[in-house]
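Below: the structure, in structure tokens.
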Amino acid sequence: MTPSVDSSRRTRGPAWANRNYSLLTAAAFVTNLGSNGALIAAAFAVLESGGDSGDVGLVAAARTLPLVVFLLIGGAVADRLPRHRVMVAANALNCLSQGAFALLVLTGEPRLWQMMVLTALGGTGHAFFSPAAEGMLLSSVSGEQAGRAFAVFRMAMQGAALGGAALGGAMVAAVGPGWVLAADAVAFAVAGSLRCFLDVGHIPAREAGAGILADLREGWREVAGRPWLWGIVVQFSVANAVLGAADAVYGPLVARDDLGGAGPWGVALAFFGAGTVVGALLMTRWKPRRLLFVGIVCVFPMALPSAALAVPVSVPLLCTAMFLAGATVEVFGVSWMTALHQEIPEDKLSRVSAYDWFGSVALMPLAAALAGPAESTFGRAAALWGCSGLIVVVTATVLCVPDVRNLRRRTKQVTQGAANGSADTERPVGGFG
């Protein structure tokens, strides 16, 4: 890169805000705006069709089960094919499935199996999209400002979640869940169109390798060789499962019975989104040296929303708990992305991300499916207190891993070549690669 080109880039914005990064951020904003409203809409579509807590759990399980089945394959595919093509194809599948779900709700009484099939198609698209998207983002940022770039990206995502949850809850109450699902389908179409413009012409074709299974084994070696990585993946396997059950199943039920319906629940979710925006804003300035230790300590407040629903507390107190949980978990989110960017070789980013996602969602279908029976057996309050307790236990356990406590942020680029390359190029980002 010549000095004149570099100077012209800097006059337009920060060095890390290159073209690919900007497109990825804009597309993620659009997608999250629609998806967060659609999560509320899907739950209330089931309830309005005559379903109960068990049916809501089954639809939630249908969304997450394909993630468990296809995530690892999606990660291997994304490290083998151009990542932007995988992302666009996944967006197209999500657009079609959500559009069909919306049409079903708007034109008649949807059946449970139909809703499960359509949400399963959406989950399949997500399984291929997530590893490709994370790998693309991590490889589009370089230098000491990577943490700030990830914080700004996540701030855009969470800002969209804030608006999407509030708008989705209001729209469900005003016009019904079908139109919210239709808006989500449009959001996927817009986001996929933006991702078509990603600049990947300069990226050399990836070698075919020895096959999908060999690629997966190589990715597993990257994960298994890092105790901090697999330890946190196991932690969030449990934490995400119980949080998913609380948010997707118990939250709408508590809202219906004690809080006044979809509107207040949408506001509570919006406060969680507001907290994540504040947490991401904090991380644009704060660079904790002990990345993972600080991040994991900030996971403990994730237990607050389930406890608040268990009481249940008033809407203002629930919103406060959601806000605190969102702000602190975002500190973890930025720290986690920075650690992956720092430690994982570029050509293995999507596979490692796939194992990360796989662990994070592996228990979610089971937890969602068991949420209804657990409520019937133990009572809703006891089930929610169990969710909070599990989060505290697994978080305290992972702090016992030495690498989690000791991993340090690097303050200098690993190679001079990375500093001189194009900011749009997918390249090694340091670490053990």
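Ranking 353, 323, 337 by Cα position along the charge dipole of region 320-381, where only Lys, Arg, Asp and Glu carry charges on their C-beta atoms, puts 323 farthest toward the positive end. Of the listed residues 293, 197, the order by accessible area with a 1.4 Å probe, largest first, is 197, 293. Residue 283 contributes an accessible area of around 10 Å² to the protein surface, as traced by a 1.4 Å probe with all chains present. Our coupling estimate for region 217-228, obtained by passing each phi through the Karplus curve with A = 6.51, B = -1.76, C = 1.60 and θ = phi - 60°, is 5, 5, x, 5, 4, 4, 6, 5, x, 10, x, 4 Hz, Gly and Pro reported as x. Relative to the longest principal axis of the Cα atoms of the chain, the long axis of helix 146-175 makes an angle of roughly 20 degrees.
For region 124-137, putting each phi into the Karplus relation 6.51 cos²θ - 1.76 cosθ + 1.60 with θ = phi - 60° gives couplings of 5, x, 5, 5, 7, 6, 4, x, 5, 5, 5, x, 5, 5 Hz, in residue order, rounded to whole numbers and with x for Gly and Pro.
Length gained on full extension, residue 294 to residue 317, computed as 0.36 nm times the residue gap minus the Cα-Cα distance: 5.7 nm.
Axis of helix 53-80 versus longest Cα principal axis of the chain: the two differ by about 10°, to the nearest ten degrees. Phi-derived couplings, Karplus 6.51 cos²θ - 1.76 cosθ + 1.60 at θ = phi - 60°, listed residue by residue for region 251-264: x, x, 5, 4, 4, 5, 8, 10, 10, x, x, 5, x, x Hz, with x used for Gly and Pro.
Remark: spin-label model distance residue 113-residue 213 equals 3.4 nm, labels positioned 7 Å along the Cα→Cβ axis. Residues 355, 21, ordered by accessible area of protein heavy atoms at a 1.4 angstrom probe radius and largest first, appear as 355, 21. For the chain, the longest principal axis of the Cα atoms and the long axis of helix 83-107 meet at an angle of about 20 degrees. The 1.4 Å probe gives accessible areas that order 150, 129, largest first, as 129, 150.
The values are calculated or read from the model by the stated rules, or taken from the named source; none is laboratory data. Since we're looking at a predicted model, the values are computed, not measured. All Cβ positions, even for glycine, are placed from backbone atoms using ideal geometry, and neighbour counts span all protein chains on display. Each accessible area value is taken on the protein alone, full model and side chains, heavy atoms only, with ligands, DNA and RNA left out. Shrake-Rupley method; radii C 1.70, N 1.55, O 1.52, S 1.80 Å.
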